[in-house]
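Step one of this worksheet: look at the structure below.
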Amino acid sequence: MASVLEFDNLTLRFGDNEPAVRGLTFQVREGEILALVGESGSGKSVSALSALGLLDERLVNYPEGAIRYRGEDLLSAGERRLRQVRGRSISMIFQEPMTSLNPLHTVEKQVAEVLAIHRGLRGPQARKRVLELLELVGIPQPEDRLDSYPHQLSGGQKQRVMIAMALANDPDLLIADEPTTALDVTVQKQVLELLQSLQAKLGMAVLLITHDLTIVRHYAQRVVVMENGLKVEEGDTDQVFKSPSHPYTRKLLDSEPPEQPRPMDDSQDELLRVEGLNVRFPVGRSLFGKPRRWLHAVQDVSFTLRRGETLGIVGESGSGKTTIGHTLLKLTSGQGRVFFLGDRIDHLNQKGFRPWRRRMQLVFQDPFGSLSPRMSVGDIVGEGLGIHSDASPEEQEQQVIRALLDVGLDPDARHRYPHEFSGGQRQRIAIARALVLQPDVIVLDEPTSALDRTVQKQVIELLQELQSRYGLSYLFISHDLAVVRALSHQLLVLRSGQVVESGPAETIFRNPESEYTRELLAAALFYRPPSNGSEADLRPMDR
């Protein structure tokens, strides 16, 4: 097959720093899906962005090599030529659709803009093509979505709009940069199957950039593995997965989460009990401020949590997972009975609840967004001590040092700032901030969703170690079922705010009773339905 895009000995450098990419050589062929794999910082995305001239030319230079589109060197092409290539010959789906879509423009305007620039289509012709594209990518009632703004769409719908924009001009090559990061497993599967079907239907090539090897196994024909700016392995997907030749590839393949949590002591007492939790939000208000109708985010949810136990809470976006965690910590108002060590705490006001906050802590999904960029790590981790502890400043500093050591960070890190750390290190800082108060319960809200698999595994092992050492209980909220399975003793499956299934995690993973749970597991790409009354097979499915 002919080559559509060729990287020929590409070396990429930012300023006078060490090269971010060195001697990168590979080809993307017609009609294939090639996966570019590696951890954050390996050079995947900057290489792809270079093909379209999307890096700031004042900061980047290319000492050696070329990037050729059908034989034409794009690195030496002028801006005018690159504008012709972008969106018409080569299109790109970016990692985060919410930041890639203009919040001030409607769906129709954003998709039509691509058609106007490259094809001169406007008015009724453009609208007709936009509707065709929205229907092609599977958006229901596309006419009703033309006037929608990005914030009015779900994560999966926003990603589908991005795909529609990328496909508007029938490109030869589609670059998909982490197109499913932080999406629900069901939406993730829909987006990937959509890309696969469109690639086959349109005959285009796809360069799929990802750190998720499960996706690579199922959707790519060939794979290129990168480490620290170097290509370390290339080959057919089956060959690389069955017989990896490089230690780094083997490390990536071995970084899947463990298949089950560490065993817990079944004699432990009940720590937290929730009975009939309900949360609703007003949707639209009248002229006088009265709610017109209500959205029931959580409906009659009940569960118990023992000391040293992890309760996994799973479901799609909008199922009420995060709302439950926030309501327990009184960050959101709700109704229901909540007992902590036998004491009822749901009726307490914010002042009365303050002493309980030390015992119930929260780790947010995005560690960068939840850590103040203006505060040092020491101030961030120790902030809660200033509120809940009577210890002296010297004693508080020692507690901060102990918390940083507990999460595997150098105590000297307390003098630095969040932007100086990697994503995994920032998540460790967030865990240290929760841990420093010696809580009984930690609510973990998607703490590994945007991390590389190797870093995910490190965080999982850290959480398991801390749980064993301190007898911590976790409410683990996630859409990543492989991670949930590695940590959870009990499982709560939510759909539209209601519990559809609950019980021992391994029992549900092997013999789910609810059709919805089976759909979630199938979408996670490691579930084979049971046959002849046997248990389900949870090994990764073959392509």
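The values are calculated or read from the model by the stated rules, or taken from the named source; none is laboratory data. Values in this document were obtained by computation on a predicted structure and should not be read as measured data. Glycine also receives a Cβ, built like all others from the backbone with ideal geometry; neighbour counts cover every protein chain displayed.
Name the residues in the stretch 477-512 that are of a type in the set (A, V, I, L, M, F, W, C) and farther than 19 Å from S255 by Cβ, would you?
First pass over the stretch 477-512, keeping only residues of a type in the set (A, V, I, L, M, F, W, C): 477, 481-484, 486-487, 491-494, 499-500, 505, 508-509.
I477, L491, L492, V493, L494, V499, V500, A505, I508, F509 - these are the residues of the stretch 477-512 that are of a type in the set (A, V, I, L, M, F, W, C) and farther than 19 Å from S255 by Cβ.
Any chance the stretch 32-51 includes a residue that's assigned to a strand (DSSP E or B), in contact (Cβ under 8 Å) with a residue 12 or more places away in the chain and out of contact with any helix residue (DSSP H, G or I) (no Cβ under 9 Å at 6 or more places or on another chain)? Give the derivation first.
Step one: list which residues in the stretch 32-51 are assigned to a strand (DSSP E or B), which gives 33-37.
Applying the additional criterion that residues be in contact (Cβ under 8 Å) with a residue 12 or more places away in the chain yields 33-37.
Subset that is out of contact with any helix residue (DSSP H, G or I) (no Cβ under 9 Å at 6 or more places or on another chain): 34.
Yes, the conditions are met somewhere in the stretch 32-51.
Which residues, counting only those in the stretch 340-380, are aliphatic (A, V, I, L, M), loosely packed, with under 15 Cβ neighbours inside 10 Å and within 25 Å of E446 (Cβ to Cβ)? Steps first, answer last, please.
Initial filter on the stretch 340-380 (aliphatic (A, V, I, L, M)): 341, 345, 348, 360, 362-363, 371, 375, 377, 380.
Within this subset, residues satisfying the condition of being loosely packed, with under 15 Cβ neighbours inside 10 Å are 341, 375.
Across the stretch 340-380, the qualifying residue is only M375.
List the helices (runs of 4 or more DSSP H) inside the stretch 119-208, counting only whole elements, that have at least 1 residues being over 17 Å from E96 (Cα atoms) and touching a Phe, Trp or Tyr at 6+ places or on another chain (Cβ under 9 Å).
On the way: elements: 123-136, 142-145, 155-167, 185-202.
In the stretch 119-208, 185-202 are the helices (runs of 4 or more DSSP H) which contain 1 or more residues that are over 17 Å from E96 (Cα atoms) and touching a Phe, Trp or Tyr at 6+ places or on another chain (Cβ under 9 Å).
From the list Q456, Q490, Q438, Q467, exactly one residue is at positive phi and either touching a Phe, Trp or Tyr at 6+ places or on another chain (Cβ under 9 Å) or buried (at least 23 other Cβ atoms within 10 Å of the Cβ) (or both). Which is it?
Details: Q456 fails: at positive phi; Q490 fails: at positive phi; Q467 fails: at positive phi.
Every option except Q438 fails the conditions.
Considering only the stretch 120-128, I want to know if a residue exists there that is closer than 26 Å to Q196 by Cβ and touching a residue at least 12 places away in the same chain (Cβ under 8 Å).
The first filter runs over the stretch 120-128 and keeps only residues closer than 26 Å to Q196 by Cβ, leaving none.
No, the stretch 120-128 has no match at all.
Quick check on the stretch 238-286: of everything there that is of a type in the set (A, V, I, L, M) and more than 24 Å from the chain's Cα centre (by Cα), which residue is nearest to V216 (Cα to Cα)?
Of the residues in the stretch 238-286, the ones of a type in the set (A, V, I, L, M) are 240, 252-253, 264, 271-272, 274, 277, 279, 283.
If we keep only those that are more than 24 Å from the chain's Cα centre (by Cα) as well, we get 240, 264, 271-272, 274, 277, 279, 283.
Details: V240: 11, M264: 34, L271: 41, L272: 40, V274: 40, L277: 40, V279: 39, V283: 41 Å.
Only one residue fits best here, namely V240.
For S317, state whether it is modelled with pLDDT under 90, within 30 Å of T454 (Cβ to Cβ) and hydroxyl-bearing (S, T, Y). Explain how you work it out, then say what you get.
Values: modelled with pLDDT under 90: yes; within 30 Å of T454 (Cβ to Cβ): yes; hydroxyl-bearing (S, T, Y): yes.
It is true that S317 is modelled with pLDDT under 90, within 30 Å of T454 (Cβ to Cβ) and hydroxyl-bearing (S, T, Y).
Kindly indicate the residue of the stretch 7-31 that is modelled with pLDDT under 95 and acidic (D, E) and also nearest to L174 (Cα to Cα) among those meeting that condition.
Here the answer is E30.
Among the listed residues E64, E108, E96, which satisfies the condition of being surrounded by 16 or more Cβ atoms within 10 Å (Cβ to Cβ), free of Cβ contacts under 8 Å to residues at least 60 places away in the same chain and not small (G, A, S)? So that I can check it myself, show each step before the final result.
Details: E64 fails: surrounded by 16 or more Cβ atoms within 10 Å (Cβ to Cβ); E96 fails: free of Cβ contacts under 8 Å to residues at least 60 places away in the same chain.
Of E64, E108, E96, the one residue that is surrounded by 16 or more Cβ atoms within 10 Å (Cβ to Cβ), free of Cβ contacts under 8 Å to residues at least 60 places away in the same chain and not small (G, A, S) is E108.
E79 - would you say it is over 22 Å from L194 (Cα atoms) and in the same structural domain as V60 (by TED's automatic domain parsing)?
yes
Any chance the stretch 277-291 includes a residue that's under 18 Å from H489 (Cβ atoms) and β-branched (V, I, T)? Before you say what the answer is, go through the steps one by one.
Step one: of the stretch 277-291, the residues under 18 Å from H489 (Cβ atoms) are none.
No - not one qualifying residue is present in the stretch 277-291.
Quick one: count up the residues across the stretch 189-227 that are in contact with a strand residue (DSSP E or B) (Cβ under 8 Å, 6 or more places away or on another chain) and more than 30 Å from R518 (Cβ to Cβ).
Total satisfying the criteria: 8.
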